[in-house]
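Read through the structure below, which is laid out as structure tokens, and then see the notes.
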Amino acid sequence: MTDVALPGTDAIGYSPPPAPCGLRLWPAVAIVTTVWLLAKLPGWLAPGTFFQFFGLFYAPMLGAIAILIWWMSASRAAWHDRFIVLGAFIVAGAATALLSHPTVYIALNVIALPIVITAWVAWLVITPTLAWPRRRTGLIVVIALAWGAFTLLRLEGLSGDLSADLVFRWSGTAEQRFLAGKVAPKLAATTTATTLTLSTNDWPAFRGPHRDGRVTGERVRTNWAERPPRQVWRHLIGPGWGSFAVVGDRLFTQEQRGEFETVVCYSAATGDELWTHQDNVRFVETISGAGPRATPTFDNGRLYALGAKGRLNCVNPVTGAVIWSRDAAAESGAKLPAWGFSASPLVVDGLVTVITGGPDKAVVAYNAVTGDHAWSAGNGFSYASTHFARLDGVDQLLLVTANGAAGLDPTHGNILWQHQWPLPSNANRVTQPTIVTDHDFLVGGYFGSGTRRISVTRNGDVWHDKEVWTSGQIKPYYNDMVVHDGHAYGFDGNVFTCIALDTGQRRWRASGYGNGQVLLLADQPMLLILSEKGEVALVQPAPDARHEVARMQAIQGKTWNHPVVSRGRLYVRNGEEAACYEVAE
């Protein structure tokens, strides 16, 4: 008897699974659309806030879970196809996690997940007429390619608005290019000086002589269209996020150079390297990259620098020779913070202080001449620096931490007063306090918590602190403010903003500078803004609106470092290059 195959079977009676009926795609399209809206809209509407952070880091994960639930329970795909595609998604994702560059790990959730699920849904949307076996095979290939593309990339960090900088993993880093092209230093024989002395218009510390971003005794020309700033020098530099100290003809900063954390002295006039001091220390993290975070401090013939892992060096500013060195982090019992120790040393009354955040030893003080431990005091951690203030006639060190703010006696570390303004768990403050009057100062928050004006007064030995106002209309993250004529100027997320000091109410906002930094040229007056993309702009400090009068591209690359104006020159740097411009009026 001859075998006869029944319709829909082969010669041995096997019946292949039927092609699926039309897939239910609208829930998947809605999920993908929602993921992209949640990831992007908070960054446009509320930059630098928790809502942006939540959208970027949690929306992709929740969206991927929603897509998997849709696929397994509501897609109408055949069950064996559901498991095949689910397996392909998991295997390709796991393989990508294993094979990708270590820096890309954070991007797998933030960037890869939304791209993979978008590619998944897009393929199904554009191929409704394709035969199912080919459609299924194509879907698996699309998912594998979307995942696999990330094995070719390296994350160079995030910008201030949390955008990822992805490059091919085999391309060289800025640090590697700098080290490959580095020339031998022109040693300190270029000067016969044996000591350095501070003079008028020097810039001896982070944010200037008074650490307030205020420039006096300098005027810059503003007609850059006719007379643009003259570039004096420009060259590559090792990564680091501190600024410059300027004393006489010397520039001081910190850089990462391979496995060595380096304090560097440059000629202010030529940019030539004069000397270096190196410690066998390397700090790097994925978001902002490698390098020390703090700015060196010059005081009374000595230079102080805190490294990203907590080593405090005192060196000779002429030769770079070590005078003394202490492991401030270890001596205070502090743990290495996620972004590294960032406090620029402060010298007051013969003591140098840094913030380490050790238990009951938030601030550590050393004898500025000998390096002997003087005192440790305070609680909490901060990426900011100790800040000198004279409040109600009493000299003190302002300490801003996740707990709020406190005033410490500079000589003994006694806590004079404390103001409670706690941040959410695992959050830390970054910006410096901004002095407003001899009683009041501003403190910034974190991820959208805003800015608070605090008033501190004294009645005998009893101190009183109070909240004057708290404003959500300027929300700095790591961008410091300046004050002028009853107003504060700084960054609300990545938008430059002016607020009234009496009320905290916003007067105006202006985009176009990213997460930059600002100086006040007090004698003109004029605001000098260094944008996140390395542009320099001059803006009038007027409360009615933003009036930009000049702009130029000064350096290239992500720029979070503070600018410096000293002796008629503008000095700028970032993690890739440094430059000097003649700007005197």
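The values are calculated or read from the model by the stated rules, or taken from the named source; none is laboratory data. Computed from a predicted structure; not experimentally measured. Don't worry about glycine lacking a Cβ; one is built from the backbone with ideal geometry, like all the others, and counts go over all protein chains shown. Note: areas computed on protein heavy atoms with side chains; ligands, DNA, RNA excluded. Shrake-Rupley method; radii C 1.70, N 1.55, O 1.52, S 1.80 Å.
Could you grab me the full set of residues in segment 110-139 that are in a helix (DSSP H, G or I) and open to solvent by 50 Å² or more (accessible area, probe 1.4 Å)?
I115, W123, V125, I126, P133, R134, R136, T137
Would it be correct to say that A329 is outside any loop (DSSP other than H, G, I, E, B), in contact with a Phe, Trp or Tyr (Cβ under 7 Å, 6 or more places away or on another chain) and among the small types (G, A, S)?
So A329 passes the test.
Which one is surrounded by the most Cβ atoms within 10 Å (Cβ to Cβ) among residues in segment 40-84 that are among the aromatic types (F, W, Y) and over 20 Å from W132 (Cβ atoms)?
F51
Can you tell which of D544, D492, D502, D485 is touching a Lys or Arg at 6+ places or on another chain (Cβ under 7 Å) and either surrounded by fewer than 20 Cβ atoms within 10 Å (Cβ to Cβ) or of a type in the set (D, E, K, R) (or both)?
D492
Condition first: of a type in the set (D, E, K, R), over 30 Å from G291 (Cβ atoms) and touching a Ser or Thr at 6+ places or on another chain (Cβ under 7 Å). Now tell me which residues in segment 537-559 satisfy that.
Of everything in segment 537-559, nothing turns out to be of a type in the set (D, E, K, R), over 30 Å from G291 (Cβ atoms) and touching a Ser or Thr at 6+ places or on another chain (Cβ under 7 Å).
Since T434 meets every condition but one in (1) of a type in the set (S, T, N, Q); (2) buried (at least 21 other Cβ atoms within 10 Å of the Cβ); (3) without any contact (Cβ under 8 Å) to a residue 60 or more places away in the chain, which condition does it not meet?
Checking T434 against (1) of a type in the set (S, T, N, Q); (2) buried (at least 21 other Cβ atoms within 10 Å of the Cβ); (3) without any contact (Cβ under 8 Å) to a residue 60 or more places away in the chain, the one that fails is (3).
Could you list, ordered by first residue, the pairs with Cβ atoms under 7 Å in which the first is in segment 252-276 and over 17 Å from E576 (Cα atoms) and the second is assigned to a loop (DSSP other than H, G, I, E, B) and of a type in the set (A, V, I, L, M, F, W, C), at least 6 apart or interchain?
Qualifying pairs under 7 Å: L274/L187; W275/L187.
So P424 clears everything in (1) within 28 Å of the chain's Cα centre (by Cα); (2) open to solvent by less than 30 Å² (accessible area, probe 1.4 Å) except one condition, right? Which one?
If we test P424 against (1) within 28 Å of the chain's Cα centre (by Cα); (2) open to solvent by less than 30 Å² (accessible area, probe 1.4 Å), just (2) comes out false.
Those residues that are of a type in the set (K, R) and touching a residue at least 60 places away in the same chain (Cβ under 8 Å), I need them from segment 279-328; list them, please.
Matches in segment 279-328: R293, R302.
Go through segment 376-415 and report how many residues are surrounded by fewer than 23 Cβ atoms within 10 Å (Cβ to Cβ), polar (S, T, N, Q) and assigned to a loop (DSSP other than H, G, I, E, B).
Residues that pass the stated criteria total 4.
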